[in-house]
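Step one of this worksheet: look at the structure below.
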Amino acid sequence: MHQLTLAEIARGLADKKFSSEELTKALLARIAQLDPQLNSFISLTEDLALTQAKAADARRANGESGALLGAPIAHKDLFCTQGIRTSCGSKMLDNFKAPYDATVVAKLAAAGAVTLGKTNMDEFAMGSANESSYYGAVKNPWNLEHVPGGSSGGSAAAVAARLLPAATGTDTGGSIRQPAALTNLTGLKPTYGRVSRWGMIAYASSLDQGGPLARTAEDCAILLQGMAGFDPNDSTSIDEPVPDYSASLNGSLQGLRIGVPKEYFGAGLDPRIAELIHNSVKELEKLGAVVKEISLPNMQHAIPAYYVIAPAEASSNLSRFDGVRFGHRCENPVNLIDLYKRSRGEGFGAEVQRRIMVGAYALSAGYYDAYYLKAQKIRRLIKNDFMAAFNEVDIILGPTTPNPAWKLGAKNSDPVAAYLEDVYTITANLAGLPGLSMPAGFVDGLPVGVQLLAPYFQEGRLLNVAHQYQLNTDWHTRTPTGF
Ligand code: GLN
């Protein structure tokens, strides 16, 4: 049963081949058996899962249907779950039980999804390797000595290892697409504002966006359908109707204009990845797409701009963790300053502290204009580049990451080396555009992803292209040995 996709599970449940309760029990047993190798979960929610599964079975018996009714999923551990630990991968929130459900959690539960647990992640979603978690690194099921990517690495490793069919993630600078690429999954970062951020613990509020991680585009469509939509509790949520994403999968690609930015193929890209990306372009041409070289001239400025803006917002967002209201509190503080200093010093890990310091510096009087304001100007130039490109093409295609998954620990002594891995993903966050990564082949037995970007609210177009590609290729069906 663990090989089934969400779409196959929906059919199996509708045809009464198995119940949600049976499926849930089987997957929980599989997680207990295999997750010790991966460390992909921070918390398991067996009791909740079985209650939700039985309720879903009862709803089906009463004639209800729905693609998510009885479908097992997991949430990245930064989505608040009422009464359940929501750690954000941090010692700071190790003892935090959220008092309410995030909108995404509530919507998926209402659609009948079954929550198996909360997945491991980089601390406060800062990272590209899932090594900064207080709960330990996550391993890549394709090679247990390699990282799964981050920060949604737990969700990615669990889905890639067939512990469950799909999971939620969040993407501030690539944290859905990059781990999807490194573990052979399909992952989608929606348009900023498409999915509510209410109850999603904030990293960088103008960049964060929740989305699905699954094996296929078809499954991403199902999960996104359950997540997307206007939420009055999130002031940046957009009041636009949500299209039927599954209905958009089957459109023809005849005449689709694909733009391939020349800047994507410069130094730093593994040539073996470049070759696989060119192969995926040829595959799409066979399906009727027309390919054109385009230019995104400001791309080279994206990493420096992002690594000013994201830490600046993080330094502000993380000021709420002060040892007073919730989260970690130091022992026996002697006064208020001591309480703040030691609670934060003990509660936050090294990477989070580094970002807070960089962000506070960039926002400080005297440096604000030189760093933060400059970064915001670059952000606008990057957005303008995309707007110009989308006048000429329907979709932009390129690599998701410059390298395949690296060895655990390989970039620990050099944070900038890890930041450079985000070069292809962060521009979509800076511009607020939707992006998808899908499997495109292997290098040394490790998966490689191809990234597709589309204009605002064109998630359906991304899913359409990815689904058509997946009907004609089998990379996404490959299973890691041992799982
Ligand atoms: N790797 C990027 C960072 O560390 C992106 C993380 C994310 O998307 N949450 O900021």
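The values are calculated or read from the model by the stated rules, or taken from the named source; none is laboratory data. Keep in mind the model is a prediction, meaning the values are calculated, not measured. Note: ideal-geometry Cβ built from the backbone for every residue, glycine included; neighbour counts use all protein chains shown.
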* **Leading residue by the ranking (farthest from ASP122 (Cα to Cα)) among those in region 140-172 that are surrounded by fewer than 24 Cβ atoms within 10 Å (Cβ to Cβ) and either among the basic types (Lys, Arg) or touching a Phe, Trp or Tyr at 6+ places or on another chain (Cβ under 8 Å) (or both)** => ARG162
* Check whether at least one residue in region 107-118 is touching an Asp or Glu at 6+ places or on another chain (Cβ under 9 Å) and in a loop (DSSP other than H, G, I, E, B), and report yes or no. => yes
* Filter pass, THR81 being closer than 22 Å to ASP171 by Cα, of a type in the set (S, T, N, Q) and buried (at least 24 other Cβ atoms within 10 Å of the Cβ) -> yes
* Asked: Do you know which residues across region 313-341 are more than 12 Å from the ligand (Cβ to nearest atom) and within 30 Å of ALA428 (Cα to Cα)?
  -> SER315, SER316, ASN317, LEU318, SER319, ARG320, PHE321
* Asked: Within region 329-340, is even one residue within 19 Å of PHE124 (Cα to Cα) and in contact with a helix residue (DSSP H, G or I) (Cβ under 6 Å, 6 or more places away or on another chain)?
  -> yes
* Asked: In region 169-187, which residues are within 13 Å of the ligand (Cβ to nearest atom) and part of a strand (DSSP E or B)?
  -> GLY169, THR170, GLY187
* So which of VAL242, VAL260 ends up being away from the ligand (no atom under 16 Å from the Cβ) and farther than 19 Å from ARG194 by Cβ? -> VAL260
* **region 188-205, residues that are of a type outside the set (Gly, Ala, Ser), away from the ligand (no atom under 15 Å from the Cβ) and touching a strand residue (DSSP E or B) at 6+ places or on another chain (Cβ under 7 Å)** => ARG194
* Asked: Can you spot a residue in region 449-462 that is farther than 25 Å from PRO243 by Cα and either away from the ligand (no atom under 16 Å from the Cβ) or buried (at least 24 other Cβ atoms within 10 Å of the Cβ) (or both)?
  -> yes
* Filter region 206-220 for residues that are over 23 Å from VAL358 (Cβ atoms) and among the aliphatic types (A, V, I, L, M); which is nearest to the ligand (Cβ to nearest atom)? -> LEU213
* **Criterion: at pLDDT below 95 and either within 24 Å of the chain's Cα centre (by Cα) or crowded, with 17+ Cβ neighbours inside 10 Å (or both) - qualifying residue of GLN300, GLN353** => GLN300
* To do: Would you mind stating whether SER246 is surrounded by fewer than 24 Cβ atoms within 10 Å (Cβ to Cβ) and in contact (Cβ under 8 Å) with a residue 60 or more places away in the chain?
  => yes
* Residues satisfying the stated conditions in region 148-168, i.e. at pLDDT 95 or above, within 14 Å of the ligand (Cβ to nearest atom) and part of a loop (DSSP other than H, G, I, E, B) -> PRO148, GLY149, SER151, SER152
* Is it fair to say LEU436 is over 22 Å from ILE309 (Cα atoms), within 16 Å of the ligand (Cβ to nearest atom) and in contact (Cβ under 8 Å) with a residue 60 or more places away in the chain? -> yes
* Asked: Taking the condition of a type outside the set (A, V, I, L, M) and modelled with pLDDT of 95 or more, does ARG342 pass?
  -> yes
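Rundown of residues vs (1) hydroxyl-bearing (Ser, Thr, Tyr); (2) surrounded by fewer than 20 Cβ atoms within 10 Å (Cβ to Cβ), yes/no style:
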{"site": "THR24", "(1), (2)": "yes, no"}
{"site": "ILE42", "(1), (2)": "no, no"}
{"site": "LYS54", "(1), (2)": "no, yes"}
{"site": "GLY63", "(1), (2)": "no, yes"}
{"site": "ALA67", "(1), (2)": "no, no"}
{"site": "LYS76", "(1), (2)": "no, no"}
{"site": "ASN95", "(1), (2)": "no, yes"}
{"site": "ALA109", "(1), (2)": "no, no"}
{"site": "ALA125", "(1), (2)": "no, no"}
* To do: Tell me, please, whether a residue that is away from the ligand (no atom under 16 Å from the Cβ), outside any loop (DSSP other than H, G, I, E, B) and either touching a Pro at 6+ places or on another chain (Cβ under 9 Å) or closer than 24 Å to PHE265 by Cα (or both) can be found in region 411-432.
  => no
* Asked: Looking only at region 366-380, which residues are more than 25 Å from the chain's Cα centre (by Cα) and in a helix (DSSP H, G or I)?
  -> TYR368, ASP369, ALA370, TYR371, TYR372, LEU373, LYS374, LYS377
* Would you mind finding the one in GLU145, GLU123 that is touching a residue at least 24 places away in the same chain (Cβ under 8 Å), farther than 27 Å from LEU397 by Cα and within 11 Å of the ligand (Cβ to nearest atom)? => GLU123
* Give the residue that is surrounded by the fewest Cβ atoms within 10 Å (Cβ to Cβ), with candidates limited to residues of region 381-410 that are part of a loop (DSSP other than H, G, I, E, B) and of a type in the set (S, T, N, Q). => ASN391
* Residues that are under 19 Å from ILE382 (Cβ atoms) and either touching a helix residue (DSSP H, G or I) at 6+ places or on another chain (Cβ under 6 Å) or without any contact (Cβ under 8 Å) to a residue 12 or more places away in the chain (or both), drawn from region 452-483 -> LEU452, LEU453, ALA454
